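One structure below.
Readers should treat all values here as calculations from the given coordinates under stated rules, not as data from a laboratory. Computed from a predicted structure; not experimentally measured. Cβ: placed from backbone, ideal geometry, glycine included. Neighbour counts: every protein chain shown.
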Amino acid sequence: MSEPLWQPSAERVRAANLTAFRSGIEADEGISLPDYAALHRWSVAEPERFWSAVWAFTGVRASDRGERVLEGPGRMPGARWFPDARLNYAENLLRRRDDSPALIFRNELGARREWSHRALYDGVSRWAQVLHDHGVVPGDRVAGLMPNLPETIVAMLAAASLGAIWSSCSPDFGVPGVVDRFGQIAPRFLFAADGYFYAGRRHDGLDKVRALCRAIPSIENVAVVPYAGEAPDLGGLPGAMEWDAAQDGVPAEPIDFVQLPFDHPLAILYSSGTTGTPKCIVHGAGGTLLQHLKEHRLHVDVKDGDRVFYFTTCGWMMWNWLVSGLASEATLLLFDGSPFHPEPAVLFDLAADERATVFGTSAKYIDAAAKAGLAPARSHDLAALRTILSTGSPLVAESFDYVYRNVHPDVCLSSISGGTDIVSCFVGGDPTGPVWRGEIQARCLGMAVEVFDEGGRPVQGEKGELVCTAPFPSMPLGFWNDAGGARYHAAYFEKYPEVWSQGDFAELTPHGGMVIHGRSDAVLNPGGVRIGTAEIYRQVERLDAVLESLVIGQEWEGDTRVVLFVRLREGVALDDALEAEIRRRIRENASPRHVPARVIAVSDIPRTRSGKIVELAVREVVHGRPVRNREALANPEALDLFANLPALAR
């Protein structure tokens, strides 16, 4: 493609935070940085100067920054950022105490609530006192089994204000799945809702919480938020308290934010757990804060008063990412429920009604919106919208076309990619640069991102492993209960010593951007040729008859053969003509090697609770191997559709 899909106006470039940041660097350093690429090169070459500049530009609040910026820059892992600093994550998010909106909550039932910055600060103040009075101290774990509610953010910030470590799961997890996570970290205090709503159904939650407390004896107190009902039954819950009653009479006082080291633990997030017990990934307060401030201000261009939405549950890292938007003085738009209930356009209704400036979602949602025929550019007033973000899986080129044709013609469409592993992004948006069809715009500032071939050599225009060759502030502190760091090292540093390997199969483009072709561990290898699964999905899901697809490599006669599963529209059958069309599209638009040996229709495709399809779990089922942690899936029963298929025995 010779022309970009979108180019920012000169006025937008002039007004961008990124432009002001780059100009400040040029003035302070006495250097010329004519474009984003030059700024990125400088940010990687001068990490101490770069991250110091980010700290100053974003106004990090700290009782002490210290003189040192990076200790042990050659150690990966092992480098320490701002080792003398003392700060508090929650203090940085609660900068304001005025009556402007901090949180606007809506759900699929049509409920709406608005919290001002003052109300949010006061709520955190009261709950910090309640937690303190119940003995919560720095390092204690505070857990949340909560919907995406304002109360969840209050609980998280109250814990962080004291130096406690927050960890959350979505309430649709089954008891074994929650125990697999919280059971490893032994929380003292649990926040839980009495239930939740999804796709028109009310789901009770307290029986699950009772079972959870029986399985995790460390839980001393449970605070219950009445969300699905008015008078929750607190019987059988240790140290139970109702949300309002617990803080009744507690005055909203100035918060005594505990000043802690930069690398004090802030949150524990979890790997998907689809191939074993979830890994408990510990993230530091300072690194999370600084990385999120950089991404929000520079890569997404979030400004004071912007209205930022991301469709997420509290079990996905994007919830943590969204919450940090308060540090940029944005208004957060929260949604709880199904993104297609009661109407397919419910999220676009929210964006229009609440004048969202940033709209974030998953690549799967954008594809589903296109399949549903939604055209919000014609049905909704999205004049306030400046940026659309997509993550969770690669955003295919046709989805770029759909967004600019049917959602909004003048937005910065930023496909972003990183992970729970770093609670942030390796590659993301550049609000001052063009958007090219099918490409992530840029390598994120301060991130020494490369693509390595099998020999560990950097390549461009070739597919290989996405790596990061230098330390960055949001590297995990480690895994919980991983004495000596052996599991942490094996997860990221085994393939290329002292280089972070993310596990994505990627390619750097001539425009300075990136295309991600799928997960490295799901790469197909027929005849010894590496094929990214996203290359096949892109072709198959262009067909109107196909709602969704999943592809694996099946071990067959000493080699690997490609097997494609398709979920079709209601009333559509996988006949010879449709199968031939699928094969033709793949052959002509990818290559003959991409053409599947088998194409099989299934009624459902298993996915994680954040919406990612689980190629590895399906591969295990097809080969007759056990899937150890089915509770990690949103629809584990779908795995049974892939067992003992006659078509795969021949």
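What nm distance separates the two modelled labels at ASP453 and SER591, each placed 7 Å from Cα along Cα→Cβ?
About 1.4 nm separates the two model spin labels.
Expected output is a single nm value to one decimal: the length gained when fully extending between SER603 and ASN635, i.e. 0.36 nm times separation in residues minus the C-alpha distance. What is it?
On the way: separation 32, 0.36 × 32 = 11.52 nm, distance 1.20 nm.
Stretched fully, the SER603-ASN635 segment lengthens by 10.3 nm.
Note down the relative contact order for the stretch 523-648 as a percent, whole number, built from C-alpha pairs under 8 angstrom at least six residues apart. Kindly include the intermediate steps, with their values, before the conclusion.
Details: 200 pairs, mean separation 27.5, N = 126.
Relative contact order for the stretch 523-648 comes out at 22 percent.
Give, as a single signed number, the net charge of other residues whose beta carbon lies under 10 Å from the beta carbon of ALA590, with Lys and Arg counted +1 and Asp and Glu -1. Can you show the working numbers first?
Numbers: positive: ARG538, ARG585, ARG587, ARG593; negative: GLU535, GLU588.
Result for the local shell: +2.
Could you calculate the contour length gain from ASP248 to ALA545, that is, 0.36 nm times the residue separation minus the distance between their Cα atoms, to one decimal place in nm? Display every interim value, and only then the final one.
Numbers: separation 297, 0.36 × 297 = 106.92 nm, distance 5.58 nm.
Result for the pair: 101.3 nm of gain on full extension.
Can you tally the net charge around ARG628? Count Lys and Arg as +1, Asp and Glu as -1, for every other residue whose Cβ sits under 15 Å from the Cβ of ARG628. Please report the intermediate quantities before stating the final value.
On the way: positive: ARG181, LYS279, ARG619, ARG625, ARG630; negative: ASP180, GLU620, GLU631.
Taking every Cβ under 15 Å from that of ARG628, the sum is +2.
Assign unit charges at the C-beta atoms only (+1 for Lys and Arg, -1 for Asp and Glu), then state the dipole size of the chain relative to its Cα centre in Debye, rounded to the nearest 20.
Details: 65 positive and 83 negative charges, 154 e Å.
With only Lys, Arg, Asp and Glu charged at Cβ, the dipole is about 740 debye.
Specify, per residue and in Å³, the volume enclosed by the convex hull of the alpha carbon atoms belonging to the stretch 198-275.
Numbers: hull volume 16.2 nm³, N = 78.
In the stretch 198-275, the Cα hull volume divided by residue count equals 207 Å³.
Which one, SER116, VAL44, LEU131, projects farthest toward the positive side of the charge dipole computed for the chain from Cβ point charges (K/R +1, D/E -1)?
VAL44
What number, in percent, do you get for the relative contact order of the chain if the mean sequence gap of Cα pairs under 8 Å and at least 6 apart is divided by its residue count? Walk me through the numbers before you get to the answer.
Working: 1408 pairs, mean separation 83.0, N = 650.
The value is 13 percent.
Please list, by residue number, every one of the GluC sites (Glu not before Pro) in the stretch 1-89 that is coil in DSSP and has at most 11 other beta-carbon atoms within 10 Å. Spell out each step's value before the answer.
Values: sites: GLU11, GLU26, GLU29, GLU48, GLU67, GLU71; in loops: GLU67.
Loop-located and lightly packed - GLU67.
Give, rounded to the nearest 20 debye, the magnitude of the charge dipole that the stretch 511-650 has about its Cα centre when Lys and Arg contribute +1 at Cβ and Asp and Glu contribute -1 at Cβ. Please list the in-between numbers first.
Numbers: 21 positive and 20 negative charges, 77 e Å.
Its charge dipole is roughly 360 debye.
What residues from the stretch 563-607 fall in the zone where the backbone N is under 19 Å from a label point 7 Å along the Cα-to-C-beta line of ASP401?
581-591
Would you mind ranking THR357, THR560, THR277 so that the residue whose beta carbon has the fewest other beta carbons within 10 Å leads the list? Don't skip to the end; give the middle numbers.
Numbers: THR357 23, THR560 19, THR277 15.
Starting with the residue having the fewest Cβ neighbours, the order is THR277, THR560, THR357.
Give the lysines reachable from LYS495 as a straight Cα distance under 23 Å; neighbours fewer than 8 places away on the same chain don't count.
Excluding near neighbours in sequence, the set is LYS279, LYS463.
Modelled label-to-label distance, ARG41 and ASP28, 7 Å Cα→beta-carbon offset: nm?
Label-label distance for ARG41 and ASP28, simple model: 2.1 nm.
Quick one: go through the stretch 131-154 and flag any residue whose amide nitrogen is under 20 Å from the point 7 Å out along the Cα-to-Cβ line of GLU71.
Only 139 pass the distance filter.
Rg over Rh of the stretch 523-648, using C-alpha atoms and the Kirkwood radius, what does it come to?
Numbers: Rg = 14.0 Å, Rh = 14.9 Å.
Reported Rg/Rh (Cα atoms, Kirkwood Rh): 0.94.
For the stretch 179-266, which chymotrypsin sites (Phe, Trp or Tyr not before Pro) are in a loop by DSSP, counting at most 10 other Cβ atoms within 10 Å? Before the final figure, lay out each step's value.
Details: sites: PHE182, PHE189, PHE191, TYR196, PHE197, TYR198, TYR227, TRP243, PHE257, PHE262; in loops: TYR227, PHE257, PHE262.
Taking the stretch 179-266 and a limit of 10 other Cβ atoms within 10 Å, no loop chymotrypsin sites (Phe, Trp or Tyr not before Pro) are found.
Write out the trypsin sites (Lys or Arg not before Pro) in the stretch 1-92 meeting two conditions: DSSP loop, and at most 13 other Cβ atoms within 10 Å of their Cβ. Present the calculation step by step, with values, prior to reporting the outcome.
On the way: sites: ARG12, ARG14, ARG22, ARG41, ARG49, ARG61, ARG65, ARG68, ARG75, ARG80, ARG86; in loops: ARG61, ARG65, ARG68, ARG75.
Passing sites in the stretch 1-92 are ARG68, ARG75.
Using 0.36 nm times the number of residues separating ARG61 and ASN525, minus their current alpha carbon distance, what extension gain do you get?
Numbers: separation 464, 0.36 × 464 = 167.04 nm, distance 4.97 nm.
Net length gain for the segment: 162.1 nm.
Using the charge dipole of the chain (Lys, Arg: +1 at Cβ; Asp, Glu: -1 at Cβ; taken about the Cα centre), state which of THR432, ALA16, MET241 has its Cα farthest towards the positive end.
THR432
List residues of the stretch 326-347, by number, whose backbone nitrogen lies under 17 Å from a label position 7 Å along Cα→C-beta of ARG569.
Under cut-off, by backbone N: 344.
Add +1 for every Lys or Arg and -1 for every Asp or Glu among the other residues with Cβ under 13 Å from the Cβ of LEU298, and state the total. It would help to have the intermediate numbers written out before the result.
On the way: positive: ARG22, LYS294, ARG297, LYS303, ARG443; negative: GLU295, ASP301, ASP430.
It works out to a net charge of +2.
Taking the Cα centre of the stretch 523-648 as the origin and placing charges on Cβ (Lys, Arg +1; Asp, Glu -1), which of ALA601, LEU633, VAL566 is farthest toward the positive end of the dipole?
LEU633
Which ordering of SER501, SER43 is given by a fewest-first count of other beta-carbon atoms within 10 Å?
SER501, SER43
What is the ratio of the Cα radius of gyration of the chain to 2.2 N^0.38 Å, where N is its residue count, to two decimals? Don't skip to the answer; put the middle values down first.
On the way: Rg = 24.0 Å, N = 650, 2.2 N^0.38 = 25.8 Å.
The reported ratio for this selection is 0.93.
Students often forget the sequence filter, so: which aspartates and glutamates lie under 12 Å Cα-Cα from LYS371 once same-chain residues fewer than 8 apart are removed?
GLU398, GLU541, ASP544, GLU548
What nm value, rounded to one decimal, do you get for the distance between THR19 and ALA111 when each label is placed 7 Å out toward the C-beta?
4.3 nm
Among 618-629, 283-294, 574-585, what's the highest-first ranking by average C-beta atoms within 10 angstrom per residue? Could the numbers behind the result be given before it?
Numbers: 618-629: 16.6, 283-294: 26.4, 574-585: 14.3.
The packing order, highest mean first, is 283-294, 618-629, 574-585.
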